[in-house]
1. Quick one: which residue in ILE179, ILE197, ILE184 is near ligand 2 (Cβ under 9 Å from one of its atoms) and either free of Cβ contacts under 8 Å to residues at least 12 places away in the same chain or surrounded by 13 or more Cβ atoms within 10 Å (Cβ to Cβ) (or both)?
2. Could you tell me which of the residues GLY135, GLY145, GLY126 is free of Cβ contacts under 8 Å to residues at least 12 places away in the same chain, under 30 Å from TRP233 (Cβ atoms) and not β-branched (Val, Ile, Thr)?
3. Identify the single condition in (1) in a loop (DSSP other than H, G, I, E, B); (2) under 14 Å from the mean Cα position of the chain (by Cα) that ASN216 does not satisfy, given that it satisfies every other one.
4. Out of the residues in the range 68-91 that are out of contact with any helix residue (DSSP H, G or I) (no Cβ under 7 Å at 6 or more places or on another chain) and within 13 Å of SER120 (Cβ to Cβ), state the one that is surrounded by the most Cβ atoms within 10 Å (Cβ to Cβ).
5. Can you say whether ARG16 is within 15 Å of ligand 1 (Cβ to nearest atom), crowded, with 16+ Cβ neighbours inside 10 Å and basic (Lys, Arg), as far as the supplied structure shows?
6. Which condition number in (1) out of contact with any strand residue (DSSP E or B) (no Cβ under 8 Å at 6 or more places or on another chain); (2) more than 20 Å from VAL222 (Cα to Cα); (3) free of Cβ contacts under 8 Å to residues at least 24 places away in the same chain is the one that GLN68 fails?
7. Given the condition in contact with a Leu (Cβ under 6 Å, 6 or more places away or on another chain), surrounded by fewer than 20 Cβ atoms within 10 Å (Cβ to Cβ) and at negative phi, answer yes or no: does some residue in the range 218-226 qualify?
8. Spot the failing condition for GLY135; the list is (1) within 14 Å of ligand 1 (Cβ to nearest atom); (2) over 18 Å from PHE92 (Cα atoms), and only one is missed.
Amino acid sequence: MFKGKKFLILGVANERSIAWGIAKALHDQGAELAFTFVNEAIEKRLRPLAEGINCSMVLPCDVQNDQQLDSLFTEIGERWGKIDGVVHSIAFADKADLDNRFSKTSREGFKLALDVSAYSLIAVAGRAEAIMNEGGSIITLTYLGSQRSVKNYNVMGVAKAALESSVRYLATDLGEKNIRVNAISAGPIKTLAASGIPGFRELLNKFAESSPLKRNTSVEDVAGAALFFLSPWSAGVTGEITYVDCGFSTVGIG
Ligand code: NAD
Ligand code: 0WE
């Protein structure tokens, strides 16, 4: 299904990253991959991982930087020609805005979270369009905190709400080119982005207790859904937010 298909993966920080789980699954199915890093520290972790799957397309991209975004897509266009899909797996907020009261969110903190975690999908999709093959697919990662208030998720919840809405507008816009855009809303997973969040362990425990499948969500669960959205098996699906959370979000009260 994925033999000779080319995918751009944004957001691998280490071997625990959701984006890395998706990349491994794509590689196992015969896909060719390109990766991006935000800074040198991440580049050092990413290069050996990429080399491990015979991938040398490892390029810089801070999604807050329009020039780096332009260079990224120019270089991919030159080296690969067309691509078949993009995995957007990026989020960031100032730690203070996750720790402090939501009503104390600063204007700068709001701008940072929305820029990195929501606008970046628009910036990436707008540039990817020009080098996407017919039937291409873009996916992003979101979280239930966009729809419900989750303790401490705060401004990230607002950013994810903007991201999910952007998925619907991008799906409508890029649908004209037969490019699909979907989001996977994953249950909590212990990754770098979840480390140092106070009470995350307790959140995981409560989740496993109350989810219909009585366990936590794994990166492999997310990768399975990602492969569906990136393949022609989902050719008629766009603008969707799909919960890969062991059924947690469907459970009612009482
Ligand atoms: P992660 O820390 O492995 O990945 C986050 C990535 O964002 C990192 O690679 C980091 O380098 C990148 N990033 C941050 N700022 C950037 C910038 N300015 N430019 C480019 N890249 C930047 O953590 P993860 O849990 O794999 O997160 C990936 C996605 O999954 C995020 O969108 C996150 O919100 C989402 N998600 C995570 C969980 C969870 O519980 N871990 C649940 C649902 C959704
Ligand atoms: O989207 C996320 C993580 C988002 C995130 C995490 C950090 C921690 C370190 C964004 N920015 C930062 N900035 C930092 O400096 N998730 C879905 C994982 C997550 O984060 C939470 C969660 C869950 C789940 C924060 C509070 C409550 C629940």
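1. ILE197
2. Residue meeting the stated conditions: GLY126.
3. (2)
4. LEU72
5. Taking the combined requirement at face value, the residue satisfies it.
6. Here GLN68 meets the rest and fails (1).
7. No, the range 218-226 contains no residue that is in contact with a Leu (Cβ under 6 Å, 6 or more places away or on another chain), surrounded by fewer than 20 Cβ atoms within 10 Å (Cβ to Cβ) and at negative phi.
8. The number of the failed condition is (1).
The values are calculated or read from the model by the stated rules, or taken from the named source; none is laboratory data. Keep in mind that this is a model prediction, so the values were computed, not measured. Don't worry about glycine lacking a Cβ; one is built from the backbone with ideal geometry, like all the others, and counts go over all protein chains shown.
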